[in-house]
Each structure stands twice: as C-alpha cells, then as structure tokens.
1. Taking N as the number of residues in the chain, what is its Cα Rg relative to 2.2 N^0.38 Å?
2. Among the chymotrypsin sites (Phe, Trp or Tyr not before Pro) within the stretch 69-141, which fall in a DSSP loop and have no more than 15 other Cβ atoms within 10 Å of their own Cβ?
3. Return the equivalent ellipsoid semi-axes of the stretch 319-358 as a descending list in whole Å, where each equals the square root of 5 times an eigenvalue of the C-alpha gyration tensor.
4. Provide the three semi-axes, in whole Å and in decreasing order, of the ellipsoid equivalent to the stretch 77-137 as defined by the square roots of 5 times the Cα gyration tensor eigenvalues.
5. With viscosity set to 1.567 mPa s at 4 °C, what whole-number translational diffusion coefficient in µm²/s follows for the stretch 115-290 from Stokes-Einstein and a Kirkwood radius over Cα pairs?
6. I want the antiparallel fraction of DSSP beta bridges within the chain, as a percent rounded to 5.
7. Near the amide H of Tyr291, under 5 Å away, which other amide H atoms are found, from residues 5 or more places off or on another chain, if H is placed in the peptide plane?
8. How many nm separate the modelled label positions at Ile73 and Ala306, each set 7 Å beyond the Cα in the direction of the Cβ?
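Each value in this text was obtained by applying a stated rule to the coordinates, not by laboratory testing. What you are looking at is a predicted structure, and each value in this text was computed from that prediction instead of being measured. Every residue, glycine among them, receives a Cβ derived from its backbone with ideal geometry; neighbour counts consider all protein chains shown.
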Amino acid sequence: MLRRRGVDPLILERSPAVGDSWRRRYDRLHLNTVRWLSDLPGYRMERRTGKYPSRDAFVSYLERYGERQGLTIRFDSPVTRIDRAGDGGGWSVVLADETLSARHVVVATGYDARPLFPDWPGMYDFAGRFLHAAYYRNSESFVGEDVLVVGAGNTASDVATDLAEGAAGRVRVSIRTPPNIFPRRFFGSHAQYGAILGEPLPDLGDRIGFLVQRRIYGDLTQYGLPRPQEGMHAHFRHSGHGPMVDEGFVTMVKQGGIEVVPAVRAFDGPDVRLVDGSRIRPSCVIAATGYVRDLEPLVGRLGVLAENGCPVVHGAATAQDAPGLYFIGFVRKMSGQLLPIRGETKQIAQSVSAALKRERRSQTAPGRRPRRRTVSVAASDDAARQ
C-alpha cells in the first residue's frame, strides 16, 4: 500500500525467511478465518489454498506476496530498539551492528511475539517433560505418553486433538474457565460470518451463541465443560480471548479420547496439583497458555504502550509524543485479526503519504533545508492465530 503511493519501504525481518514464525507452528494449524477474508491488499489467495488455509499454504502465500510486490526485505536483521532521532525529527532504528534513520516507522512484529509461561509454583522442578505449545509440532514424539495440555483456546484444543488422534497414551486438558465452543462452519455458514454480524450487537450475539452451542453440542457438563458464565463477546471484552474453534475436540472429549480436568494449582515433583485438590502424574505437560507482545524492549521507553503491553494507538493514529511511529496487527476482533490488518495497511499508507507530501512542501519553502524522508518498516511475520 505504501508503494502504491510512491513510497518504497525497507522491511527489516529478524528471521531468515518470509513467514518464519508461521513455519514454526504445529503441523495441524489452519486459519480459522476464511481465505477470502484473510489475504493482504494487492494479491488474493488462490482457491487451491482451500476455504481455511493450512499453515504451509499461508506461508507459501506470504512468500509469493513478497515476490509479486517486489518488496525490499533485509533478512536476519532483528531490531533491538527504536529511539527518537537526535535532531528531534524522525526515528533511529537500532540493529545489532548499525543504526538506521527513518522519518516513519511501522512496527509489525505480531500480536503473539513471545511464549507466555504461567508462574506455577514448583514448575521448574517438575520431573517430567515440560514445553510451551509454541514448540509442539506433531504427536510423533509423544507415543505412549501421558500428556497434560493446559489451556482453553484454539491451540490447546488443536494440540490435544492431534495427540488424541495420534499415538499418545493418555490426553488430559486442564481448563480454568469453560470456553465458548463453535465449529468453523455450522448451519451452512462460516463461523466468521456470525462473529462479524455479532460485533455491532454483542449482547444479542451472546444470547444467540449460547443457543447455537446448545443446539450443536448439547449439555457438556458431564464432560467437564459446563456452560460458560459469559458469552463469547462478553468474555472477549474482558479477557481478549475468543471462543474455542472446534475441529474434532468435542468429539474426542465425548468419546473419552480427551479428559477435561480442573485448572493447575502447582507442581510437586512428578505430580501436578489441581485446584480441586486432586493430583495427577503426567509424563509431559504442554502449556498452551498464550503469548505476549514483547514490545517493551523495542519501544517501552517511548511512552507508547498501555499497561497490557499493547500500543495505546494503532493503525493511522500515532501517539502525541511519537509522530511517525505506527503499529499494525495489535487489534484483536472476534472476526479474526487478518481482516482489520487489511484495513490498517491502507490507513497507515495514506497517513504516511500525506505526511511526506507536507514535508516536501515545507522543504521547498525559502530558507528550509531538506529533511530525511526514509520509511522503514520493522517487521516479524504476524503469527497470531485467528
């Protein structure tokens, strides 16, 4: 979108390849948003990628996107921090071995930047295997294992289902808050459409959502999944977590392939203590406990972050004390994350283009020295699950 307006941005990518953070996700991963609402401006995904593109299909799309758009990308170029330029105009983008100057910087490092590990007592002394779901690939290395998956989101349900369908000996899922659960597609329509329609009227959407879940799944209380206390929209407003998208999880729970247990309280040697006072002894624990934005090292000193670590503004807006510093990909919606990113790209490009035009006019004024107008985009492929 910047290039359409005559601006050729430099993209700084910390990894060695386009889409690297997607490549490192688990094999089973698919988008939960439909193909035609998940592509980027200027190049649509081909029909052969399917209605819900797989991890590999999406990586391939990102590769083709960069090639077709002729983007200037510097790989293996992690940005360590962004500072205000010494002359008071623009920004200094600090890399390991050099510092670049830029009039405008777009931070696109992704909503899910670094795995989040809860601080459970005794977890570092756990006798079994412990890993974050970010490092799970498939069930091949869990043959015969007694696995506990911790979490109630899409990753937790996908990993647990993959293990149950694979060779794991026993699969349990520890859930603190019963989730709202929907299949990707129901009643002849895509779940994403329902999420889009429900966003303007969240209370009505929640009431309809409860009825839909009951109609599809029945009462799951006996399986450890009682009706959630909040509807999907209310829970999303409070926690930022959307509903669990079911691709075989509920079936496995009903068939006994997955056992739902209470939340984890602590670790005690080989045991995991649960909040109901019971103990279990899994051979492996997989924490599907989410990610953090990890923006503090990059821009924490600039006063542009809220308490939750997300930017105080996003899209075309910039903080009052940080003109020319943009953030994209940090808005979460029930309808998915890629759709608002598409809109933000257009808004940012329009804002940068307008700012550069104002700068050119000021540079031509009598007695004014020309100023830098480099545009730098610091990026690490967005890995947020839809």
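1. Numbers: Rg = 22.9 Å, N = 386, 2.2 N^0.38 = 21.2 Å.
In units of the 2.2 N^0.38 Å rule of thumb, it is 1.08.
2. Taking the stretch 69-141 and a limit of 15 other Cβ atoms within 10 Å, the loop chymotrypsin sites (Phe, Trp or Tyr not before Pro) found are Phe75.
3. Numbers: eigenvalues 105, 31, 5 Å².
For the stretch 319-358, the ellipsoid semi-axes come out as 23, 13, 5 Å.
4. Working: eigenvalues 293, 31, 24 Å².
Semi-axes, largest first: 38, 12, 11 Å.
5. Numbers: Rh = 16.8 Å.
So the translational diffusion coefficient is about 77 µm²/s.
6. Numbers: 22 of 56 bridges.
Taking every DSSP beta bridge within the chain, about 40 percent pair in antiparallel fashion.
7. For Tyr291, the qualifying residues are Leu116.
8. It is 3.0 nm.
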